[in-house]
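Reading through the structure tokens given below for one structure.
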Amino acid sequence: MQISKLKEFRYGWPVVFSSAIGIGLGMSPLPIYTLGVFAVPLAQTFGWRMDQIMLAMPVFTLGALVMSPIIGLTADKAGVRKTIMVSQIAFGLTFMAFALTGGSLLLYFLLWGLLSVTGAGTLPMTWTRAVNNWFQKNRGLALGLALVGTGILGSLTKLWAGFLVGQFGWQMAYVGVGLLPIVVALPITWLFFRDTTDPKVAHKVAELKHEKRSTPAQPSPSEALGDLGGLSLGEAVKEWRFWLLGLCFILISFAVGGQIPNLEKLLSTKGFDTTTAIMLASYLGYAVVVGRLVGGYLLDRFWAPAVAAIMLSFPALGCYLFMQATMSYGMATLGVIILGLAAGVEYDFMAYLVTKYFGMKNYSAIYGALYSFFALGAGFGPYFFGLSFTQNGDYNTILGYSALAFLIGALPLVFLGKYRTFSAA
């Protein structure tokens, strides 16, 4: 890649950096990546079954279904920066409140519902709006880098939660994880995260626009820096592409989201001890990083639906590996890596496809509406995985369904057609 093609990063790197930290310590990865770590001590302390613990995810999903479009509209109207910072504080405090459950399943579920409300502003739909506004030529790579935090920080917080549980107990572990969005992510957001509409970065936006005008290759009318051409939310939901994306991401998120919080338990059924299972599960985060970067690079160079169809159908092989009666350490590692690659490209593809087929006019609201489909699959997936284990003593049946979900959810993306061009608002 030529250095001249990376000029956007000279101006937009603060947004990419702060987004990577903020998304990585937000609602998208933290609850899901750490649920499997907390499930074991909760079951031991209160005698809760695995399917009861995983029932939290459908509750979490119902809140996300309601809040995602609302937060998307709020971000479009009030600005993403304010929306994010308020949510980071409320999300961190809610996460810490899990230390007070005291064995009450009702309170446990209520906190999961509240977590989806308070944390919705930290979802990728807010951060990626600013990333998309700063980047056009390298949008795919920028999105990949911005979303790379889910893999790195998700993996590290899984280890961090496991360490805190071992050293101080599960209650202090909830507090330690809940502090991360407030102590780490919030200051970085305040210092570095600015959308192109922020007056404090107006000079950078002007300089970047000037550089773009001076280059031979001009962006399309819908991709000029800061322009908001595209469809409204109402117009988008009337389009068949919206519903195709929604249905595809329900299936894909079910297959990916169902495995992640059950991964430690799944690996333990293959003969790995708790410490080894947590270590193996942590490899997922590193694979997510690779998936983000590779997926982002490919999006800028090839037709996105084809890239998505290939990368999101491949994890069916990982399901097959996990269904084997016995697993070596190497086979388990390969299965985790394949799953991580899929988890590493979901959000990137969704964000990128929204810009290419619906534009930026109501980006956050449309992304939020599509995220509701994603949350539906990811929310109910863990519960059905846990239920399958409770009924059968293993995960093989649900893994077989997941393999089909990957294929049926990924391959229809090739019918989206060519990219669309919108007049700037």
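The values are calculated or read from the model by the stated rules, or taken from the named source; none is laboratory data. Bear in mind that the values here come from a model prediction, so they are computed numbers and not experimental data. All Cβ positions, even for glycine, are placed from backbone atoms using ideal geometry, and neighbour counts span all protein chains on display. To get the accessible areas, we keep the full protein, side chains included, count just its heavy atoms, and leave off ligands, DNA and RNA. Shrake-Rupley method; radii C 1.70, N 1.55, O 1.52, S 1.80 Å.
Screening Ile89 against (1) modelled with pLDDT under 95; (2) open to solvent by 20 Å² or more (accessible area, probe 1.4 Å) leaves a single unmet condition, (1).
Checking the stated criteria, Arg139 turns out not to satisfy the condition of being charged (D, E, K, R), closer than 27 Å to Leu62 by Cα and either in contact (Cβ under 8 Å) with a residue 60 or more places away in the chain or out of contact with any helix residue (DSSP H, G or I) (no Cβ under 7 Å at 6 or more places or on another chain) (or both).
For Leu147, the stated conditions do not hold, so it cannot be described as under 19 Å from Tyr286 (Cβ atoms) and open to solvent by 10 Å² or more (accessible area, probe 1.4 Å). For the criterion of being buried (at least 21 other Cβ atoms within 10 Å of the Cβ), in a helix (DSSP H, G or I), modelled with pLDDT under 90 and in contact with a Leu (Cβ under 7 Å, 6 or more places away or on another chain), Gly377 passes. When Leu317 is tested against (1) farther than 23 Å from Ser232 by Cβ; (2) in contact with a Gly (Cβ under 7 Å, 6 or more places away or on another chain), exactly one condition is not met: (2). Of all residues in the range 233-267, those satisfying the criterion of being within 25 Å of Leu399 (Cα to Cα) and open to solvent by 50 Å² or more (accessible area, probe 1.4 Å) are Leu247, Leu251, Lys265.
Of all residues in the range 380-402, those satisfying the criterion of being in a helix (DSSP H, G or I) and open to solvent by 20 Å² or more (accessible area, probe 1.4 Å) are Phe380, Tyr383, Phe384, Leu387, Phe389, Thr390, Gln391, Asn392, Asn396, Thr397, Gly400, Tyr401. Consider the range 76-94 and keep the residues that are out of contact with any Phe, Trp or Tyr (no Cβ under 9 Å at 6 or more places or on another chain) and of a type in the set (A, V, I, L, M). The one that is farthest from Phe192 (Cα to Cα) is Leu93. The single condition among (1) open to solvent by 20 Å² or more (accessible area, probe 1.4 Å); (2) modelled with pLDDT of 85 or more; (3) of a type outside the set (A, V, I, L, M, F, W, C) that Gly359 does not satisfy is (1).
When you scan the range 278-298, do you find a residue that is buried (at least 24 other Cβ atoms within 10 Å of the Cβ), more than 16 Å from the chain's Cα centre (by Cα) and farther than 17 Å from Ile152 by Cβ, even just one? The answer is no, given that none of the residues of the range 278-298 is buried (at least 24 other Cβ atoms within 10 Å of the Cβ), more than 16 Å from the chain's Cα centre (by Cα) and farther than 17 Å from Ile152 by Cβ. Counting only residues that are open to solvent by 10 Å² or more (accessible area, probe 1.4 Å) and either free of Cβ contacts under 8 Å to residues at least 40 places away in the same chain or small (Gly, Ala, Ser) (or both), the range 362-374 holds 2 of them.
For a quick check of your reading: which helices (runs of 4 or more DSSP H) sit entirely within the range 1-86 and have at least 3 residues that are buried (at least 24 other Cβ atoms within 10 Å of the Cβ)?
Working: elements: 7-24, 30-46, 50-54, 56-78.
Result: 7-24, 30-46, 56-78.
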